[in-house]
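Below is one structure, written out as structure tokens; the observations come after it.
The values are calculated or read from the model by the stated rules, or taken from the named source; none is laboratory data. Quick caveat, the model's predicted, so the values are computed rather than measured. Methodologically, a virtual Cβ is constructed for each residue, glycine included, from the backbone with ideal geometry; neighbour enumeration extends over all protein chains shown.
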């Protein structure tokens, strides 16, 4: 590829050997668009022809579901879609979903049609057209032509899309561009799946590596550990402290001190050291230290109160936001063990039972301190903590890789299309 300062009809980034300007043409010249099937409730049956809908497009990837709607063959009055066609959402109650698209793949012949709120496009170079539908031109088109809002359904007109003027290169260059984005999308999808599998593994281990309510041994243990776990109340093994108090809006946003935000606590089992905000140093406020456990106090739903995280940094003059409280123990708990334990389903169930409120739910520090938690030996705590620490690092690595690949794709889309 070579980079140049191009005229408007030539992209900034191209494969070597291609120098001719792109030609302007109608979108209908490079893709044939078909409307979807409008069917009746009586046409739906447990087996038949699958109906593809907006839910079959996830993160620019085509996905089949076990609960996809199927209709009778007799009700099908349109051409079936096939692998290589492009599925496009043409109408949806959420404007941001209108226009999303994906290459259809993995379908048996004559096994599926697209529904009434969808469009299907057939092209000789489908991967080029699909990447064109991710380019800045398409984003601008969607923002200009999709109607909706105030409860109205956003709508992408087949005719509007067909009549759009687009720039396209020769077939050979289309093929190379399409293959580039095909492989990039596949890499994004594979990396996303790795992330999802690791996340699923973590959730499964949270269920198996901590004892169920009333039990003293977990279902799954590391070799060499056989002793039963003992239950200890948080209050008998540490002290709770409130967050920042006596502060006004003017006190935040400046100063040499830092405070941990509510969302940092809510989002992370291990607090993110990069998600702190500035505040003036105040020695009258309680400071957060290594190993402190942080809890949110309130939420709009009971299932989200008392979310916890652990601080494992050594920063001085660090405080906690006003909508959380902290817990400090005497060192008998390994922080990397406590982080997953306090996010396990057995502990979360105990927390949710403490939620009180109507429009907003709160928990009491005193009540949380009464909760008993199952604790193994320090050696087993360390083994479990190291397992989850390593697993979290692998999850974070795959998450960052997905983000980087998406950023790369977006950067290329900005440069490889007119």
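The selection criterion, being out of contact with any helix residue (DSSP H, G or I) (no Cβ under 7 Å at 6 or more places or on another chain) and closer than 20 Å to residue 361 by Cβ, holds for residue 267.
Conditions (1) surrounded by fewer than 13 Cβ atoms within 10 Å (Cβ to Cβ); (2) under 18 Å from residue 120 (Cα atoms); (3) touching a strand residue (DSSP E or B) at 6+ places or on another chain (Cβ under 7 Å); (4) at pLDDT 95 or above, marked per residue:
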site	(1), (2), (3), (4)
2	yes, no, yes, no
10	no, no, no, no
32	no, yes, yes, yes
35	no, yes, yes, yes
43	no, no, yes, yes
57	no, yes, yes, yes
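In the set (1) surrounded by fewer than 21 Cβ atoms within 10 Å (Cβ to Cβ); (2) under 24 Å from residue 247 (Cα atoms); (3) within 25 Å of the chain's Cα centre (by Cα), residue 345 fails one condition alone, (2).
Among the residues in the stretch 372-386, are any over 25 Å from residue 202 (Cα atoms) and either modelled with pLDDT under 95 or touching a helix residue (DSSP H, G or I) at 6+ places or on another chain (Cβ under 8 Å) (or both)? Within the stretch 372-386 (the criterion being over 25 Å from residue 202 (Cα atoms) and either modelled with pLDDT under 95 or touching a helix residue (DSSP H, G or I) at 6+ places or on another chain (Cβ under 8 Å) (or both)), the answer is no, since none of the residues qualifies.
Scanning the stretch 50-109 for residues that are part of a helix (DSSP H, G or I) and within 20 Å of the chain's Cα centre (by Cα) yields 54, 55, 56, 95, 96, 97. For the stretch 158-175, give me each residue that is in a helix (DSSP H, G or I) and surrounded by 18 or more Cβ atoms within 10 Å (Cβ to Cβ). Correct list: 161, 173, 174. Restricting to the stretch 345-361, give me the number of residues that are more than 22 Å from residue 218 (Cβ to Cβ) and touching a residue at least 12 places away in the same chain (Cβ under 8 Å). Of the residues in that region, 6 qualify.
The set of residues in the stretch 390-406 that are farther than 18 Å from residue 189 by Cβ, surrounded by fewer than 18 Cβ atoms within 10 Å (Cβ to Cβ) and in contact with a helix residue (DSSP H, G or I) (Cβ under 8 Å, 6 or more places away or on another chain) comprises 391, 394.
Tell me which strands (runs of 3 or more DSSP E) are completely within the stretch 220-326 and hold 2 or more residues being assigned by TED's automatic domain parsing to the domain that holds residue 345 and at positive phi, or say none if there are none.
Counting at least 2 such residues, we get 252-260.
Residues in the stretch 238-250 that are surrounded by 15 or more Cβ atoms within 10 Å (Cβ to Cβ) and touching a strand residue (DSSP E or B) at 6+ places or on another chain (Cβ under 7 Å): 238, 240, 241, 243, 244.
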